[in-house]
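Below: the structure, in structure tokens.
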Amino acid sequence: MLRHLLAICLVLISCLASEQTHFDTKLPDEFDLHGYQLIHFEGLDGRQYGSLHSQLNFIVAHYSSDIFRKAAIISFYDVLYASSVQAMLSQILSQKPLGLLFLVPEKLTKSEIFGTYPDVSNWEELQMILSKQSLEIPVYFVKEEEQTVAFYNEQREVAFLKATGQIRSQNWWSQLFSIEIPEFVAFTNPGEATVQEENTVEVFYSLLSFSSVPDSNRPIIAISASYDALSIAPELSIGMGASGASLLAVLSLAKIFNEVKHSKRFNASDFEYDILFILSPTASLKYEATQQFLEILKTNIRESIRLVVCLDSLIDQYNNIDEQLLYVHGLVTELSEKFTQQLKLTVGNKNEEQRGVQTFEHTVYKDKGIPAITVSSLYRPYLQSIYQKYSIFDSQLPCSQQLFKLYTSIADALFFTISSSTQAKLPIDFLATALPLSFLSNVTALLQYTPRSPAHHLQKDSPTTNTLYALFTQSAHHVQRMSISLKQSPYFYPSPSVTIHASRVGARGLELLVFIGTILYLMLLTGIAQHLSREKTIKKD
């Protein structure tokens, strides 16, 4: 009889526990989240950075809740309005979560969200911080979709109810048997990322000669820039990154000096140097393409180069373009000094010889015995191997008038350097015609809205490389495309996009309780049946 009463009590307690701890969730038992993994790469120091693991199979909770041995979910807006991004991330990681899920908005370009959120520096700072971490946990960026947002809001509500004491576990019984949270396990296993063994990219270059004699082996000054930019979630990269200003500078300079060559206002015999314009990818891959380009380039051209001016990130996002300085890094020679002295008159710069590990492109040329300098808005290169801004947003470039001022200043310095005259200067009316503002605005708009290839850098014959080639041919003549085969990239390639499955789980203690209660209840019914059967037998006897 005692066991019968116990079975009834267990069933009633389980039903009561379920009724008292029910949380009204509007989510289905299963749904999918769509996201991308944080980049995984190897730095110049040989260490691996970013998200080192991809497998996810953990309960997900709001980052402000108890996330020990769970995956934390964090919204774009949480980061946007945080007083200190570094403190926020440190606090989250100190709780030892097993994964991070960052919700990103549907609109990923600054140009689209700029009006609503004028300051996204916190979000960009978070990305920079993440890129410098070696995270032994999976980190994903999840798109804001209807169910994803509902899931986040539900977890945030539960975290608030817990924090205010409206939901709490006071003893072992409630901890074991209450359903405080409609918990969901997120799981995905795209396979651990592997190093890409071989990729083919392209270097674009154009030699502008002021001589009427072909292959005259005149001395050359080269202008080089990188055209790849990297997002910390590469498949979310849209348009140009921080290298966009230098890319546009090469196109602008090529356009100006091709106009100089064909203008009757200038005498070709006054120019002592020809100009080689170069657009190279893989700045984010230790400039491997630049290294191979120099090895493949015709010997007579390579040996004629007297100076390379490498254009790095020319726009300092934290300073007004009218107030910022351009710094010159690299070996000071008589020719580079001539260029930088003229640059001082228009932009201002500071010479600084960097020592130790470098990430500026001029070191690649220096290693090949070619004098080179880097012109950059950065006083020092970033410590890790990639110098671009790790942003999933477009660069917010200045207006065309400001870009015109910057590019014509560099053009003036270059014109002075290649000329035999000590008074050489480009007339402002000529510059206005050679580099119309409409050209700058059109190219900027085109680059900003050109989708990137779904890879860590731009591959040969991708839509973006073909667009760049077409733009280059509009600014320069006889543009060459050189294919470069990268034997080994320091990047690890996870699946381009990942579907994360979320499945609801109940309180296992309660499930166990109901199961035991049900078994005992069946035993109760069996006992009653046996008891009635025995009574019938006794009556018959």
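The values are calculated or read from the model by the stated rules, or taken from the named source; none is laboratory data. Computed from a predicted structure; not experimentally measured. In this analysis, Cβ positions are derived from the backbone assuming ideal geometry, glycine residues included, and neighbour counts consider all displayed protein chains. For accessibility, only protein heavy atoms count, side chains too; no ligands or nucleic acids. Shrake-Rupley method; radii C 1.70, N 1.55, O 1.52, S 1.80 Å.
Taking every residue in segment 285-314 that is farther than 24 Å from Lys338 by Cβ and pairing it with any residue that is open to solvent by 70 Å² or more (accessible area, probe 1.4 Å) and hydrophobic (A, V, I, L, M, F, W, C), at least 6 positions away or on another chain, the pairs with Cβ-Cβ distances below 8 Å are Lys286/Leu44. Here segment 106-154 is the region considered, the condition is being modelled with pLDDT under 75 and touching a strand residue (DSSP E or B) at 6+ places or on another chain (Cβ under 6 Å), and the residue that is farthest from Ser65 (Cα to Cα) is Thr109. Scanning segment 184-200 for residues that are modelled with pLDDT of 80 or more and surrounded by fewer than 19 Cβ atoms within 10 Å (Cβ to Cβ) yields a count of 3.
Note on segment 201-218: among residues that are within 33 Å of the chain's Cα centre (by Cα) and among the β-branched types (Val, Ile, Thr), the one that is modelled with the highest pLDDT is Val203.
Scan segment 51-62 for residues that are touching a strand residue (DSSP E or B) at 6+ places or on another chain (Cβ under 7 Å) and open to solvent by 70 Å² or more (accessible area, probe 1.4 Å) and jot them down. Scanning segment 51-62 gives a single hit, Asn57. Regarding segment 408-421, can at least one residue be identified that is at pLDDT 90 or above, open to solvent by 40 Å² or more (accessible area, probe 1.4 Å) and in contact with an Asp or Glu (Cβ under 9 Å, 6 or more places away or on another chain)? Scanning segment 408-421 turns up no residue that is at pLDDT 90 or above, open to solvent by 40 Å² or more (accessible area, probe 1.4 Å) and in contact with an Asp or Glu (Cβ under 9 Å, 6 or more places away or on another chain).
Checked across segment 507-517, the condition of being surrounded by 14 or more Cβ atoms within 10 Å (Cβ to Cβ), at pLDDT below 70 and among the acidic types (Asp, Glu) holds for at least one residue. Somewhere in segment 53-72, is a residue touching a Ser or Thr at 6+ places or on another chain (Cβ under 7 Å) and charged (D, E, K, R)? No, there is no match, as no residue in segment 53-72 is touching a Ser or Thr at 6+ places or on another chain (Cβ under 7 Å) and charged (D, E, K, R). Ile221 meets all of the listed conditions (1) at pLDDT 90 or above; (2) under 31 Å from the mean Cα position of the chain (by Cα) but one, namely (2). Looking at segment 28-50, which of the residues that are in a loop (DSSP other than H, G, I, E, B) and open to solvent by less than 20 Å² (accessible area, probe 1.4 Å) is modelled with the highest pLDDT? Looking at residues that are in a loop (DSSP other than H, G, I, E, B) and open to solvent by less than 20 Å² (accessible area, probe 1.4 Å), I get Leu38.
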